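Reviewing the structure listed below.
The values are calculated or read from the model by the stated rules, or taken from the named source; none is laboratory data. Please read all numbers here as calculations on a predicted model, not as lab measurements. As a convention, Cβ positions derive from the backbone with ideal geometry for all residues, glycine included, and neighbour counts pool all protein chains shown.
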Amino acid sequence: MQLVMDRISKRVGAQTWLYDMDMALHSGAVTVLLGATQAGKTSLMRIMAGLDAPTEGRVRVDGVDVTGMPVRERNVAMVYQQFINYPSMTVADNIASPLKLRGEKNVQERVRALAERLHIDMFLARHPAELSGGQQQRVALARALAKGAPLMLLDEPLVNLDYKLREELRDELTQLFAAGDSTVVYATTEPGEALLLGGYTAVLHEGELLQYGPTAEVFHTPSSLRVARAFSDPPMNLLPAEAVEQGVRVASRELLALPQPLPAGAAGGLTVGVRASALRLVSRPGDVAVPGKVELAEIAGSDTFVHAETPWGGMVAQFTGVHDFALGAAITLHLQPGDVYVFGADGALLRAPARRGGR
């Protein structure tokens, strides 16, 4: 399915929920809608599904104008944060319902295969009321996958699950999406989820479409400060800077000699961005050393996150592995000048680090 939104917007009373935007989804691929709560993700998905009509603009499917066409006349599967199942049916019958409507063969085998991948095969004989919220959400997700609709809309479908299961199902969903023919739209607040799913990412903020493109490209080359803030976990370190002949000076202190000069005319209040993963404990040739003091150390999974107070301001560093840092201890962070982002006074990206190894 080729879904195109042509200059759509959405207003409700005096409020603008979606500002004027264009978006053409890539057929058979995953598009992630990334943004904080109230960024406009659900409003946009409802227009895609036909649950709402845009105030202005047109929605086209395979070149046909479907603006205002109700959802019951479209072949769409949608899963919300608030799961919806048929309470009188067993889990098996819930998942099988779209398969039976299509007259599919081997329904039981298909149901069991989907249930196993979503870790609910042991609940097939139960009714939804006998399941936890996370289990019911997986039933709704399995039924949507069974429908095999050309357009599948998933509005934060894993948000009600525990951390470990969420990680497992992300991997499963990535494989399921790759094996299917559906155009998938997946809404999330988590940058890591967008990176895992790949495909394309649209970054939304308070109803505005900030950037849309291949996920890796948007992550490595955020077009603005707002995109960099939205697509970074932990948040990108953002530091005041000024342009000098050799590069940029950070916080009126340290000179970062950039590999290439900034665009002509770059001046005024610049911002240097440093991803937490670009900071290291061990120095390499050409590094700049940033002394600091540990304010907080957190272990999350197999990574350690250190919050440090430095002459440049507060910074967060991400180190692979489990490390022990005492509060108040001295720490020296090391950084390659070429690994920084530079944003102009208007927030637009002026330079991004060179990507290594095609990543």
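Taken together, the residues in segment 201-236 that are surrounded by fewer than 22 Cβ atoms within 10 Å (Cβ to Cβ), modelled with pLDDT of 95 or more and among the hydroxyl-bearing types (Ser, Thr, Tyr) amount to 4.
Would it be correct to say that ARG117 is basic (Lys, Arg) and closer than 17 Å to ASN85 by Cα? No, not satisfied. Among residues of segment 306-359 being of a type in the set (A, V, I, L, M), under 30 Å from GLY265 (Cα atoms) and assigned to a loop (DSSP other than H, G, I, E, B), the one that is nearest to the chain's Cα centre (by Cα) is ALA352. Take GLY198 and decide whether it is in contact (Cβ under 8 Å) with a residue 24 or more places away in the chain and surrounded by fewer than 22 Cβ atoms within 10 Å (Cβ to Cβ). When the stated conditions are applied, GLY198 passes them. Considering LEU158, LEU124, LEU99, LEU131, which residue is within 29 Å of VAL61 (Cα to Cα) and at pLDDT 85 or above? Testing whether each residue is within 29 Å of VAL61 (Cα to Cα) and at pLDDT 85 or above leaves just LEU99. Restricting segment 24-41 to residues that are of a type in the set (Gly, Ala, Ser) and in contact (Cβ under 8 Å) with a residue 40 or more places away in the chain, the residue that is nearest to VAL4 (Cα to Cα) is SER27. Residues that are under 12 Å from HIS127 (Cα atoms) and surrounded by 13 or more Cβ atoms within 10 Å (Cβ to Cβ) within segment 79-104 comprise ASN85, TYR86, MET89, THR90, VAL91, ALA92, ASP93, ASN94, ILE95, listed in sequence order.
From the list VAL139, VAL107, VAL111, VAL185, the one residue that fits, being surrounded by 17 or more Cβ atoms within 10 Å (Cβ to Cβ), at pLDDT 85 or above, aliphatic (A, V, I, L, M) and within 30 Å of PRO235 (Cβ to Cβ), is VAL185. For VAL76, the conditions (1) without any contact (Cβ under 8 Å) to a residue 24 or more places away in the chain; (2) buried (at least 16 other Cβ atoms within 10 Å of the Cβ); (3) of a type in the set (Val, Ile, Thr) all hold with the exception of (1).
Can you say whether ALA140 is hydrophobic (A, V, I, L, M, F, W, C) and touching a Phe, Trp or Tyr at 6+ places or on another chain (Cβ under 7 Å), as far as the supplied structure shows? Taking the combined requirement at face value, the residue satisfies it. Taking segment 1-99 and the strands (runs of 3 or more DSSP E) fully enclosed by it, the elements with 1 or more residues that are charged (D, E, K, R) are at 3-12, 15-24, 56-61.
May I ask you to verify whether LEU44 is buried (at least 17 other Cβ atoms within 10 Å of the Cβ) and either of a type in the set (Gly, Ala, Ser) or in the same structural domain as TYR19 (by TED's automatic domain parsing) (or both)? Answer is yes for this residue.
Let's see how each residue does on (1) within 24 Å of VAL159 (Cβ to Cβ); (2) modelled with pLDDT under 90; (3) within 20 Å of the chain's Cα centre (by Cα); (4) not charged (D, E, K, R):
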residue	(1), (2), (3), (4)
LEU25	yes, no, yes, yes
GLY28	no, yes, yes, yes
THR31	yes, no, yes, yes
LEU34	yes, no, yes, yes
GLN38	yes, no, yes, yes
LEU44	yes, no, yes, yes
PRO54	no, no, no, yes
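Of all residues in segment 328-350, those that are touching a residue at least 24 places away in the same chain (Cβ under 8 Å) have Cβ atoms under 9 Å from Cβ atoms of residues that are of a type in the set (Asp, Glu) and surrounded by fewer than 21 Cβ atoms within 10 Å (Cβ to Cβ), 6 or more apart or on another chain, in GLY328/GLU295; HIS334/ASP287; LEU335/ASP287; GLN336/ASP287; PRO337/ASP287.
Taken as a whole, segment 288-298 holds at least one residue that is more than 23 Å from the chain's Cα centre (by Cα), of a type outside the set (A, V, I, L, M, F, W, C) and closer than 30 Å to TYR163 by Cβ.
Is segment 266-282 home to any residue that is under 24 Å from THR310 (Cβ atoms), part of a strand (DSSP E or B) and of a type in the set (Ser, Thr, Tyr)? Yes, some residue in segment 266-282 is under 24 Å from THR310 (Cβ atoms), part of a strand (DSSP E or B) and of a type in the set (Ser, Thr, Tyr).
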